[in-house]
Every structure is written in structure tokens, then in C-alpha cells.
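First up is the structure itself, then whatever we jot down about it.
The values are calculated or read from the model by the stated rules, or taken from the named source; none is laboratory data. It should be emphasised that the depicted structure is a prediction, and the values quoted were computed from it without experimental measurement. Neighbour counts run over all protein chains shown; Cβ positions are idealised from the backbone, glycine included.
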Amino acid sequence: MVQVKGIREGLLFLLQEGNWEQNRRALFDLVGAKQEFWRGARVALDSRTVVIREEEILALKDELSRYNLTLWALLSESPSTQLAAQKLGLATRLIRADKEETEALSTLVQEGEAALFINRTLRSGYRVESVGHVVVLGDVNPGAEIVAGGTILVWGRLRGLVHAGAEGDTTAVVCALDLQPTQLRIADQIALTPQRKGKPQPEMARLRDGQLVAEPWNAKDR
């Protein structure tokens, strides 16, 4: 019943038609299933037409905090729910991402494709695996690993080990605002990153004629 999307500010959970209790149970089934991936994230909830009372919002905030999630926004088509959210100091609308940021993200993860969004820095010892794409809104530190069946996008510094196209997808790419992984792999090709000379810039690594190459990352390229 509940959908989740990655946004610039963190995670956006979208409720479906029905009452609050049904949606609340579905929400925490989803949260509990992937709690390690979302630990520490900021959460916005779009309740649509579902009415949520003030005391229910307070209980929701407490329950999310047990999973180390922070509720900061509640969107709603219900005036009473909007008022309750405002009384509790929650935002009731989202700030739109800059056009350039939106284009950069959408060129790599197209609508309808499966993607895992991680709204935090991955520190040494963390390992993330996904059958789809992986988008990290943060850094990937040395000692952290990401293995993805699709593309890997790091909206920050990439210093760990990454393997895109792990199931053999040679069209997968790896992008980062600062691309300096300890090891980078796409499908069955492996490359070590040489020490950079000069100022960091957004880069994309991809397979070209069977060889791994890195080039400037421009949102208009794909």
C-alpha cells in the first residue's frame, strides 16, 4: 500500500487510499524490511487523502525514531491533517530540486526503474547490495562497498569499492561528484583509480569498446 521515493531531502513515503491504521501498518512493514538501508534518513510523508490526527502524528514520529528515522514533513490533501502537522512544526510542502540536479538524477535512473536510495554517507565496513540501481546522497568512504545490478550514482565523494552491472549489464555506469574509488568494476571489467591531479569534477565511468573509461559527467550526455 505504501510507496517510497528518494528525494533531495531524504525519503518520501506515499500512502494509498484507505484509513490511517491500514497505511501505518503497511508503512512499518516496509520500514522494517529495509531498516538498515534507511537508517538515519530524514522522512517526508505524503498522506494524500488519508486523515491523520495530531496524536497519531506524534505517535508516528516516536515510532519512526525507533528506526533512527526523522519525520520532518507531512504533505496532505486534508486541511485538518495539514493543520495538525503545522502545529507540530512539520513542513507541509517540499522545495523543488534545482533543474540541474533533477536532470542529472533522471538521466541515470529513469521512471519505472528499480533504485535503492541511501540518504547518508557510507562509512568503512558498510556493504550495500541491490539488484537494481543504487543512488547515494552522500559520500562513500574507503572501506565501504556497493554492489549493484544496475547503475551506481554517488551524489558526493566516491572513495570506496563499487561494482555496477554486477549481473553482467555492460550498459551500467558509475557516476560521482568526485570519482576516486579504491576499486571500480562494471560487469566483468575492473579498474584501479590513479591518484588525481587537479581539482575534482563530476565524472562518469563506463565501458567503451570493452574498456573502462572515465569522462566528465554531463547531464545531457545520456
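From Val109, Val136, grab the single residue that is at pLDDT below 85 and in contact with a strand residue (DSSP E or B) (Cβ under 7 Å, 6 or more places away or on another chain).
Checking each option against the conditions leaves just Val109.
Working carefully through the options Gln195, Gln183, Gln211, find the one that is at pLDDT below 85, polar (S, T, N, Q) and not assigned by TED's automatic domain parsing to the domain that holds Gly40. Explain how you work it out, then say what you get.
On the way: Gln183 fails: at pLDDT below 85; Gln211 fails: at pLDDT below 85.
Of Gln195, Gln183, Gln211, the one residue that is at pLDDT below 85, polar (S, T, N, Q) and not assigned by TED's automatic domain parsing to the domain that holds Gly40 is Gln195.
Being within 14 Å of Glu21 (Cα to Cα), surrounded by 15 or more Cβ atoms within 10 Å (Cβ to Cβ) and among the small types (Gly, Ala, Ser) is the filter here, so list the residues in the range 31-86 that pass it.
Ser47
Hey, among the residues in the range 118-133 that are under 10 Å from the mean Cα position of the chain (by Cα) and within 16 Å of Ala164 (Cβ to Cβ), which one's modelled with the highest pLDDT? Please lay out each step first, then the result.
Initial filter on the range 118-133 (under 10 Å from the mean Cα position of the chain (by Cα)): 118-120, 133.
Now restrict to residues that are within 16 Å of Ala164 (Cβ to Cβ): 118, 133.
Details: Ile118: 81, His133: 87.
Result: His133.
Show the residue pairs meeting these rules: Cβ distance below 9 Å; 6+ apart or different chains; first residue within the range 1-24 and among the aromatic types (Phe, Trp, Tyr); second residue assigned to a loop (DSSP other than H, G, I, E, B) and exposed (fewer than 15 other Cβ atoms within 10 Å of the Cβ).
Close Cβ pairs satisfying both conditions: Trp20/Arg53.
Restricting to the range 134-170, give me the number of residues that are closer than 24 Å to Gln211 by Cα and small (Gly, Ala, Ser).
Number of matching residues: 8.
Tell me the residue from Asn19, Asn23 that is loosely packed, with under 13 Cβ neighbours inside 10 Å, farther than 18 Å from Arg93 by Cα and outside the structural domain of Val154 (by TED's automatic domain parsing), please. Talk me through it step by step, then tell me what you get.
Numbers: Asn23 fails: loosely packed, with under 13 Cβ neighbours inside 10 Å.
Of Asn19, Asn23, the one residue that is loosely packed, with under 13 Cβ neighbours inside 10 Å, farther than 18 Å from Arg93 by Cα and outside the structural domain of Val154 (by TED's automatic domain parsing) is Asn19.
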